[in-house]
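Every read-out reported here was derived from the displayed coordinates using simple, explicitly stated rules and does not represent laboratory data. Remember, predicted model here, so these are calculated numbers, not experimental data. Here Cβ is always computed from backbone atoms with ideal geometry, including for glycine, and neighbour counts include all displayed protein chains.
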Amino acid sequence: MSVGDRFVPLNLCVLTISDTRTPQDDSSGDYLCAALAAAGHRLHERRLARDDRYLLRAIVATWIADAAVDGVIVTGGTGFTGRDSTPEAIAPLLDKPMPGFGEMFRALSFEEIGTSTLQSRAFAGLANATFVFCLPGSTSACRTAWEQLIRAQLDARTRPCNLASLKLRLNEK
C-alpha cells in the first residue's frame, strides 16, 4: 500500500502569538488543537507567546530543528500593527516559501471579510522538512485556513497531490 492510500498522522505544533490572550481564552489555539486532533494528527507541543520577533523565531526554530515535528501552525501577529512581527520573525527561517498558501488564503478570506483581507500577511513554507503555516489570530481565520486549505494538504489521501505525501522526499539531495 502506498502512503497515498492511507491516512498518515503528523506531529504538529501550535503557537499562538498574543500580547493579551491567556491559555484560558486562546480560542484560536484551542480550535487548531481540536481540529488537528479531529483530523487524526498528533499535537506535539502547544505554546502561547507574546509578540516578540526573537522569541517567536527561537520557538519555531527549535520546533523545525526537531526531527519529530512534521509541521508548525502559528496563529497571530500577521497584521499591520506595530507589534505584529510574525512574518519578520518566521519568514527568514523558511527554506522554501509557499506563495500559493497566502494567495489562496486571502482569496478565500475575501469571500468572508471583503477587502479587509488586504491586511492579512498570512504565509506558509517549508523549513528543514517541516511545514510552517502562519495564520491571522482570529478563530474565524484559523477555521478558514484549516478547513479549506491545511487539512486537505496534510492528508496523504488528498488527490491529485498533497503536502503530506511529500514528507518522505523533502530532504532529497
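Remarks
- Projected label points at SER116 and THR20, each 7 Å from Cα along the beta carbon direction, are separated by 1.4 nanometres.
- Whole-Hz Karplus values for region 141-153 come out as 5, 5, 5, 4, 4, 5, 6, 9, 10, 5, 3, 5, 6 Hz, taken residue by residue from phi with 6.51 cos²θ - 1.76 cosθ + 1.60 and θ = phi - 60°; glycine and proline positions read x.
- 3J(HN,Hα) from dihedral phi, region 60-75, Karplus parametrisation 6.51/-1.76/1.60, rounded to Hz, x for glycine, proline: 5, 4, 4, 5, 6, 7, 8, 4, 7, 9, 9, x, 10, 10, 10, 10
- Label zone (ARG169, point 7 Å along Cα-to-C-beta; backbone nitrogen cut-off 19 Å) within region 106-140: 125-132.
- Of the chymotrypsin sites (Phe, Trp or Tyr not before Pro) found in region 71-173, those in coil by DSSP whose Cβ has at most 12 other Cβ atoms within 10 Å are PHE80.
- If only the Cβ of Lys and Arg carry +1 and only the Cβ of Asp and Glu carry -1, the dipole of the chain around its Cα centre is close to 380 debye.
- Cleavage-rule hits (GluC sites (Glu not before Pro)) in region 82-173: DSSP loop, at most 14 neighbouring Cβ within 10 angstrom: GLU172
- In this label model, ALA65 and ARG6 are separated by 3.4 nm, measuring between points 7 Å along each Cα→Cβ vector.
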